[in-house]
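*Asks:* For reference, the structure I am asking about is given below.
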Amino acid sequence: MEFFKKVPNFDFMGRSRLFIPLSAIAVALSLTGIFTVGPKWGIDFQGGTEVQVSFKQKATSADVRQALARMGFGGAEVVTFGTGASEYLIRLESVSPITPEVAKSAEASLRKALSAYSISKFDLSPGGDKLSLRVAKEIPVAELEKTIGAAGLTVALTPEAAEAARPEAGGGEAEEDKEESAKRCESVTCTWPYENVRVYEVSLKGVSERVMDGLRAEPFGKGVVKLRSEWVGPKAGGQLRTAAVASLAYAMLFIMLYVAIRFDFRFGPGGVVALIHDVIITLGVFTLLRLEVTLTIIAALLTIAGYSINDTIVVFDRIRENMAKTRERSLQAVINTAINETLSRTIITSFVTLLTVIAMMIVGWKTSIRDFMFALFIGIVVGTYSSIFIASPIVAVLDRRFGKKKA
């Protein structure tokens, strides 16, 4: 299938003197925004809590924001999300509702109150939603929950667990101890890994549960449902950010090595410069529009790199074929011919891919795939452009400086 009935004869290399400076300006502006304003990092990279909720009654984002402020979560970000009319994504800077002082006090209180059970491990998760205890003897779940509450921590009881925790008439507690534990371990996971070792994983009320409790107390919050929640600590966020940058750097390095070995030295830098160009401009657009950069966007950037180098290698391969056929022509003329010969393939491939991306972006506009698809849309457009106007001209420049004058 051909986009053109016959091979066109556009002077791409002649116009490269116009497009290379324009690309340099776009990259410079993107870098300025990235290093001055900075990307809007998501909770994956800066830490925080994210809760997606759906209200059965009508609730505006202003209502939700005011309710969060009354709970003590000032500066919360509330955005419309999902397909429901009253479905929101709440982003908070808070990771844990438990301060280090409260955690230290709770540990001392629990060790004292449960001294008969010989606590050998007290581990509170960074999100404040999980407590791990390792003891020498089995603790009745009801006693454990009561002691944890007295220590200043709040156990996250499910409705079923709360119902099971009510006093029941009759029955011998000693004989039904393990059966009762199995019924009531909604908030406490009990494991026995070794002899004389008991491990209890206790679910506590983290930030997301406290948010839900506060929203349910509002007039518009009756029946509100938590669709999902996640939190990332600031230390883990920093590590993820470093790993994301490293993954992009390694991808560029290995792509350059592959292209240099597969073709020759002149081709490798051109392909990598085009990739860096595509990634920087895409990240610059996200910075300018204040869209969140998350792990999903990093995956999109790596996808863009793979798509762009694939398109570039098609052009490079045609350049190499033409170089072998015609030795008397200048490399610039050979490159121009190769770009024109692969132009139909480039346009059709990019157009079909863009149709798919646009369709998914429209359908998923209020879902988590929106930003991923938007990043791909920018990357495909910029990547197609860079394969023609950036990668190939750089090959010609390197050939003039370091290679032979004739192909």
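*Asks:* Roughly speaking, what is the stretch gain from residue 246 to residue 363, that is 0.36 nm per residue apart minus the C-alpha to C-alpha distance, in nm to one decimal?
*Replies:* 38.9 nm is the gain from fully extending residue 246 to residue 363.
*Asks:* Testing the spin-label approximation: label points 7 Å from Cα along Cα→Cβ at residue 236 and residue 99. State their distance in nm.
*Replies:* 2.4
*Asks:* Then there is this: Using R₀ = 45 Å, calculate the FRET efficiency as 1/(1 + (r/R₀)^6) where r is the Cβ-Cβ separation of residue 122 and residue 69; round to 0.05.
*Replies:* That gives a FRET efficiency of 0.85.
*Asks:* Further question: Give me the angle, in degrees from 0 to 90, between the Cα long axis of helix 267-289 and the longest principal axis of the Cα atoms of the chain, rounded to the nearest 10.
*Replies:* 50
*Asks:* Follow-up question, since we're still on this one. In nm, what is the difference between 0.36 nm times the number of residues separating residue 326 and residue 26 and their Cα-Cα distance?
*Replies:* In short, 104.4 nm is gained.
*Asks:* Hey, what's the Kirkwood Rh for segment 284-392 if you take every pair of different alpha carbons, in angstrom?
*Replies:* 15.2
*Asks:* Follow-up question, since we're still on this one. Using only Cα atoms, tell me the angle between helix 343-363 and the longest principal axis of the chain; keep it within 0 to 90° and round to the nearest 10.
*Replies:* Computed tilt is about 20 degrees.
*Asks:* List the GluC sites (Glu not before Pro) within segment 90-145 that fall in a DSSP loop (any state other than H, G, I, E or B) and whose Cβ has at most 11 other Cβ atoms within 10 Å.
*Replies:* none
*Asks:* List the longest stretch of the chain that has no exposed loop site; here a site is one of the trypsin sites (Lys or Arg not before Pro) assigned by DSSP to anything other than H, G, I, E or B, with at most 13 other Cβ within 10 Å.
*Replies:* It works out to 138-221.
*Asks:* Using the alpha-carbon centroid of each, what span in Å lies between segment 18-34 and segment 294-315?
*Replies:* Using only Cα atoms, the two centres lie 19 Å from each other.
*Asks:* Do the sum for the chain: with -39,500 (n - 2.57) for every DSSP H run of n ≥ 4, divided by all residues, what is the mean residue ellipticity at 222 nm, to the nearest 500 deg cm²/dmol?
*Replies:* Rounded to the nearest 500, the figure is -18500 deg cm²/dmol.
*Asks:* Using a Gaussian network model of the chain with C-alpha springs under 10 Å, which one of 352, 232, 334 is most mobile by mean-square fluctuation?
*Replies:* Of the options given, 352 has the highest mean-square fluctuation.
*Asks:* Here's another thing I want to ask about it. Please report the spacing between the Cα centers of segment 215-279 and segment 75-136 in Å, no decimals.
*Replies:* Using only Cα atoms to place each centre, the spacing works out to 28 Å.
*Asks:* Neighbour counts of other C-beta atoms within 10 Å: give me 230, 201 arranged from fewest to most.
*Replies:* Listed from fewest to most nearby Cβ atoms, that is 230, 201.
*Asks:* Please go through the residue pairs 56/205; 112/137; 56/226; 137/205 and name each one whose alpha carbons sit more than 19 Å apart in this structure.
*Replies:* Too far apart for the 19 Å limit: 56/205; 137/205.
*Asks:* If you restrict to DSSP beta bridges whose two residues both lie in the chain, what percentage is antiparallel, to the nearest 5?
*Replies:* 95
*Asks:* Does anything in segment 52-74 have its amide N under 17 Å from the 7 Å Cα→Cβ label point of residue 216, and if so which residues?
*Replies:* 52-57, 68, 71
*Asks:* Further question: For residue 265 and residue 397 in the same chain, what is the full-extension length gain: residue separation times 0.36 nm, less their Cα-Cα distance, in nm?
*Replies:* Working it through step by step, the gained length comes to 46.3 nm.
*Asks:* Taking DSSP loops as anything outside H, G, I, E and B, show the longest stretch in the chain free of chymotrypsin sites (Phe, Trp or Tyr not before Pro) there with at most 15 other beta carbons within 10 Å.
*Replies:* It runs 11-264.
*Asks:* As I understand it, the value is the acute angle between the Cα axis of helix 295-325 and the longest principal axis of the Cα atoms of the chain; what does it come to in degrees, rounded to 10?
*Replies:* 20
*Asks:* I would also like to ask the following. Within 9 Å, Cβ to Cβ, of residue 122, how many net charges do the neighbouring residues add up to if Lys/Arg are +1 and Asp/Glu are -1?
*Replies:* +1
Here, each number is a calculation from the coordinates, and none is a lab measurement. Owing to the predicted nature of the structure, the values given are computational and were not obtained by experimental measurement. Backbone-built Cβ (ideal geometry, glycine too); neighbour counts: all protein chains shown.
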